[in-house]
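Read the structure below first, then the notes.
The values are calculated or read from the model by the stated rules, or taken from the named source; none is laboratory data. None of the values given here were measured: they were computed from a predicted structure. Cβ placement follows ideal geometry from the backbone for every residue including glycine, while neighbour counts extend to all protein chains displayed. Each accessible area value is taken on the protein alone, full model and side chains, heavy atoms only, with ligands, DNA and RNA left out. Shrake-Rupley method; radii C 1.70, N 1.55, O 1.52, S 1.80 Å.
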Amino acid sequence: MRRYIMKVGLCQMKVQEEKKKNLLKAKQLINEASELGADIIILPEMFNCPYDNTFFEEYSENEKNSKTLKFISNIAQEISKYIIAGSIPENEDGKVYNTSYAFDREGNIIAKHRKVHLFDIDVKGGVTFKESDVLSRGNEYTVFETEYCKIGLQICYDIRFPELSRLMVEEGAKLIITPASFNMTTGPAHWKDLFKVRALDNQVYTLGCSGALNKEASYNSYGHSIIVSPWGDIINNLEFEEGIIIEEIDLDKINEIREQLPLLKHRRLDLYGVVDKRD
Ligand SMILES: NC(=O)CC(=O)C(=O)O
């Protein structure tokens, strides 16, 4: 019997200081992923801007006249592929957000996710970052339709909060895509486990697309872009360098695993639940 397959491409790009160079690099990697047959192509968090608070405001763009979004929209249309445009600093009404946009094959924006959980951490002897000094947080979780299945979209630190993934899965997401940029402290400690555990909890595919390590940058992205199956297997995983993952995602596997191990059915919703508190 024919299986229900989609092909994904994760572009682990090395983000540099110059926005134009980042856009051209993104285009090159997207085109390569497209030529290798990917239907859904994913970029990392802050793919057009260094992941550094001192750049976010200056690099931020408004959706109405964003050169970056126009650029990606044109590529999606040219190659007729879905593109999940990692994230960019986005501004609206004097606030700056860390925002991911999804484009369909015609280049239309079909979803927008503003990072919900801001990365404010201080790991002694490791990494300190305070996104909230510059960025505002989003107040929505994000699920969108494609011709293959519903997809959940979140950004980096959002993956640490299991309620968010569960809400997306309750809304029907079969894949959770997370553009990200973990670092050399939290990456080795938690990256793989987080993608595995969210996949296992929810019996979905989890995909993490990271920036490649740039040793000249103030923030050293961990790389290690990853795809995990609903069984918790790592299907593919890069290391630190720039590169592309192309993989077939077998969507039939989700129902097969859920039938054999019916975790979502076995939940005691009379005892607990996750509540959608959006207005
Ligand atoms: N950069 C992030 O948003 C998240 C991260 O690096 C972590 O959770 O660790």
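Pairs linking a residue in region 198-212 that is touching a residue at least 24 places away in the same chain (Cβ under 8 Å) to a residue that is open to solvent by 10 Å² or more (accessible area, probe 1.4 Å) and among the acidic types (Asp, Glu), with Cβ atoms under 8 Å and 6 or more positions apart or on different chains, are 212/241; 212/242. When residue 176 is tested against (1) touching a residue at least 12 places away in the same chain (Cβ under 8 Å); (2) more than 27 Å from residue 104 (Cα to Cα), exactly one condition is not met: (2). In the condition set (1) on the phi < 0 side of the Ramachandran plot; (2) within 10 Å of the ligand (Cβ to nearest atom), residue 156 is compliant with all but (1).
What are the residues in region 166-180 that are open to solvent by less than 10 Å² (accessible area, probe 1.4 Å) and of a type outside the set (A, V, I, L, M, F, W, C), if any? Even if it seems obvious, please write down each step before you answer.
Here is the first cut: in region 166-180, the residues open to solvent by less than 10 Å² (accessible area, probe 1.4 Å) are 168, 173, 175-180.
Across region 166-180, the qualifying residues are 178, 179.
Filter region 85-132 down to residues that are within 13 Å of the ligand (Cβ to nearest atom) and among the polar types (S, T, N, Q) and give me whichever is farthest from the chain's Cα centre (by Cα). Only one residue tops the list, namely 128. So, of the residues in region 61-98 that are among the small types (Gly, Ala, Ser) and touching a Lys or Arg at 6+ places or on another chain (Cβ under 9 Å), which turns out to be farthest from residue 38 (Cα to Cα)? Selected residue: 87.
When residue 71 is tested against (1) out of contact with any Leu (no Cβ under 7 Å at 6 or more places or on another chain); (2) surrounded by fewer than 19 Cβ atoms within 10 Å (Cβ to Cβ), only condition (1) is not met. Residues that are within 22 Å of residue 261 (Cα to Cα) and within 16 Å of the ligand (Cβ to nearest atom) were ranked within region 181-202; the one that is most open to solvent (accessible area, probe 1.4 Å) is 193. Against the test of being open to solvent by less than 50 Å² (accessible area, probe 1.4 Å), part of a helix (DSSP H, G or I) and not polar (S, T, N, Q), the options 227, 244, 257 yield a single qualifying residue, 257.
Hey, could you check region 26-48 for residues that are free of Cβ contacts under 8 Å to residues at least 60 places away in the same chain and more than 16 Å from the chain's Cα centre (by Cα) and say which is farthest from residue 119 (Cα to Cα)? Out of the qualifying residues, it is 35.
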